[in-house]
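Structure record follows, encoded as structure tokens.
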């Protein structure tokens, strides 16, 4: 059509000069305040760098030395990294169990899960670790056996106390394991809430479809609901893991001293240069957390399969099948 | 088969169900014989979907009894006293009953092939090789032989619903339940799903279909059951109920349906 519709406001151009509007090449909106903000930030960054370079008390050379000391590295591996991994395994495992209990039909399980979450969320980690470290004052011996075994045995006049095995709490009270138990139990309370939110986020129709196929409640949870819940569970769990890396510095409360922060601090103190000790610990924490963030993004991609963007591998498979036809 | 020849595959007597004091089913009687296709019609809220879900125990019934292939669903009758079956026993009863949902409910984290293979492998513990072969045959039958590696999210609604049919058939069910299988589809995709269901009916599968597709009910059903307000209002061959309804409620409903279409 070369003639515009009748009644349009503009005067109708003659057929020969009609030129329909083409590609838009408009001037963008100007943002002068962005340039002001950039200038301010640049000045602040320059001031910061200048202070880092000119103030000799930072002493980065010494900080790098501290980072490489054997006790610091040992604290990093055996305390911070091992502590994080072990506590998170315990926390995630127990947390998922608690979440499933919390959502079960069984009122006893629901109440237990609720009470657990209530207690361990209210308990500061530092205090919990200190209590576990001192548990030996309350219970010197930990025994596993028949409940009330000692009382039963004495009333029946038996020679044994019905204990299968036991150990002295003080033998383990300053080991990383006590720290792992404390941090893991505390983490489970938070993970329980995260896992519960994840499970509730899965459409009810998924469980029904699995039910209609004759799957048992365990199969439905393991194979259908949890894998989909992971999409919601993984991002906050990454958050929790990164928080856990830093919370391992609380292990000194047990006291577990083979731990990154304390060891780095000790070196700074011994050299009468306390700041480089803090810098060394900070740099290690930054490195670990950066690595964890990369790992998290991979996990998110894996559990996001079937949602949103198509994974590359599936795309290749699909193209191959189409080519075969 | 456990029950004598001539006994219905689905035998429902006086089925009652209420949600929070709201009576949804007020005593439904229904017999479906082997190889029959029965369409449940009726306005929304009439209880058709609820009745369908009671058959495979997705809802527990408050009164009456449902037998499928001679098995009392959900309970064990011990000398006149009913004992609720365990979850495991109910899961076993569901294995032989396939269900197709309005909103497909495919497992989005599994590929099309994995969706179809899941239950035979996990529930029946059949060998993977065999199941895979059967799954590919079923996908070919529903016209999706080229999509085994796709995820449900990459398929159209009609394709997803056909996968859902294949997934249910992979368990070799005696009975298939369809809960408004085309209601969530774009109009141009309804045909492909109905064609698949017609083909399934031609193989002699026993089917109970809740639907608003009058054409399908007229052509495929051996019997249509019209429900309203939690009771069966009228039932019979489609030629009678759809073409020449006797009850005033059936007449009103059918007039509305044809006006709408």
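None of the figures in this text is laboratory data; all of them are computed from the coordinates on show. Just so you know, these numbers come straight off a predicted model, no measurement behind them. Glycine also receives a Cβ, built like all others from the backbone with ideal geometry; neighbour counts cover every protein chain displayed.
Given the stretch A:116-242, what whole percent of its Cα pairs are spread farther than 26 Å? Spell out each step's value before the answer.
Working: 4070 of 8001 pairs.
Percent of Cα pairs beyond 26 Å in the stretch A:116-242: 51.
Figure the gain on full extension for residue B:125 and residue B:19 (residue separation times 0.36 nm, minus the Cα-Cα span) and round it to one decimal in nm. Present the calculation step by step, with values, prior to reporting the outcome.
Details: separation 106, 0.36 × 106 = 38.16 nm, distance 3.64 nm.
This chain segment gains 34.5 nm when fully extended.
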**OP:** Hey, could you get me the Stokes-Einstein D for the stretch A:72-160, Kirkwood radius over alpha-carbon pairs, 25 °C and 0.890 mPa s, rounded to whole µm² s⁻¹?
**Re:** 145 µm²/s
Original post:
How far is helix A:274-303 tilted off the main Cα axis of chain A, in degrees rounded to 10, range 0 to 90?
Top reply: 70 degrees
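Among B:52, B:72, A:158, which comes first, second and so on when ranked by fewest other beta-carbon atoms within 10 Å?
A:158, B:72, B:52
Only Cα pairs under 8 Å and at least 6 apart count here; give the relative contact order of the stretch B:1-119 as a rounded whole percent. Mind showing how you got there, number by number?
Numbers: 139 pairs, mean separation 27.2, N = 119.
Result for the stretch B:1-119 is 23 percent.
When the helices in chain B are scored as -39500 (n - 2.57) per DSSP H run of 4 or longer and the sum is shared across all residues, what 222 nm value do you end up with, to the nearest 500 deg cm²/dmol? Can you show the working numbers first?
Numbers: 9 runs with 94 residues, N = 261.
Value at 222 nm, helices only: -10500 deg cm²/dmol.
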Subject >> Kirkwood Rh and Cα Rg combined as Rg/Rh, the protein assembly as shown >> reply: 1.12
Subject >> the stretch A:128-189: radius of gyration and largest Cα-Cα distance (Dmax), Å >> reply: 14.8, 44
Subject >> Semi-axes of the equivalent ellipsoid for chain B, Cα gyration tensor, largest first, Å >> reply: 29, 25, 16
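Can you tell me the convex hull volume per residue for chain A, based on C-alpha atoms, in Å³ to the nearest whole number? Mind dumping the intermediate values first?
On the way: hull volume 116.9 nm³, N = 325.
Taking only Cα atoms, chain A has a hull volume of 360 Å³ per residue.
Please report A:247, B:219 as a ranked list, fewest other C-beta atoms within 10 angstrom at the top and most at the bottom. Walk me through the numbers before you get to the answer.
Details: A:247 21, B:219 12.
Ordered by Cβ neighbours within 10 Å, fewest first: B:219, A:247.
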Original post:
Considering the zone a paramagnetic label at residue A:142 would reach in this model (a point 7 Å from Cα along the Cα-to-Cβ line), which residues of the stretch A:114-132 have amide N under 11 Å from it?
Top reply: A:132
Original post:
Quick one: B:10, B:81, fewest Cβ neighbours within 10 Å first, how do they rank?
Top reply: B:81, B:10
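Kindly provide the helix-only [θ] at 222 nm of chain A, computed as the sum of -39,500 (n - 2.57) over DSSP H runs of four or more divided by all residues, to the nearest 500 deg cm²/dmol? Can you show the working numbers first?
On the way: 15 runs with 209 residues, N = 325.
Value at 222 nm, helices only, nearest 500: -20500 deg cm²/dmol.
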**OP:** With a bin width of 5 angstrom, please list the P(r) values of the stretch B:1-98 as percents of all Cα-Cα pairs, from the 0 bin to the one holding the largest distance.
**Re:** 3, 12, 22, 25, 21, 12, 4, 1
**OP:** For the stretch A:48-205, evaluate the Debye formula with one uniform point scatterer on each Cα (no solvent term) and list log10 I(q)/I(0) at q = 0.08, 0.12 Å⁻¹, rounded to two decimals.
**Re:** -0.43, -0.80
Original post:
In terms of the Cα gyration tensor, with a ≥ b ≥ c the square roots of its eigenvalues, is the stretch B:22-68 rounded because a/c is under 1.5, prolate because a/b exceeds b/c, or oblate?
Top reply: oblate
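Let's test the formula: R0 of 51 Å, r as the Cβ-Cβ distance of residue A:171 and residue A:40. What FRET efficiency results, to the nearest 0.05? List each step's numbers first, then the result.
On the way: r = 59 Å, r/R0 = 1.16.
E between residue A:171 and residue A:40, to the nearest 0.05, is 0.30.
Could you work out the mean projected area of the convex hull around the alpha carbons of the stretch B:176-261, in square nanometres to one decimal?
On the way: hull surface 23.1 nm².
The directionally averaged projection comes out at 5.8 nm².
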Original post:
Given R₀ = 30 Å, FRET efficiency for residue B:145-residue B:44 by Cβ-Cβ distance, to 0.05?
Top reply: 0.25
Subject >> Tilt relative to chain A, helix A:312-324 - C-alpha long axis, 0 to 90 degrees, to 10 >> reply: 60 degrees
Original post:
In percent, how large is the relative contact order of chain B, given Cα pairs closer than 8 Å and 6 or more residues apart?
Top reply: 25 percent
**OP:** Report, to two decimal places, the Cα Rg of the stretch A:110-150 normalised by 2.2 N^0.38 Å (N = number of residues).
**Re:** 1.55
Original post:
Can you list the residues of the stretch B:86-109 with backbone N under 19 Å from a point 7 Å past the Cα of residue A:307, pointing along Cα to Cβ?
Top reply: B:104-109
**OP:** Jot down the radius of gyration and Dmax of the stretch A:47-88, Cα atoms only, both in angstrom.
**Re:** 15.1, 42
**OP:** Put one equal scatterer on each alpha carbon of the stretch A:256-311, apply the Debye formula with no solvent term, and list log10 I(q)/I(0) at q = 0.12, 0.16, 0.25, 0.28 1/Å to two decimals.
**Re:** -0.47, -0.60, -0.91, -1.00
Original post:
Taking only C-alpha pairs under 8 Å that are 6+ residues apart, what is the relative contact order of the stretch B:65-140 in percent?
Top reply: 15 percent
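Give, to the nearest whole percent, the P(r) tail of the stretch B:57-190 beyond 28 angstrom, counting all Cα pairs. Don't skip to the answer; put the middle values down first.
Working: 2283 of 8911 pairs.
Result: 26 percent of Cα pairs exceed 28 Å.
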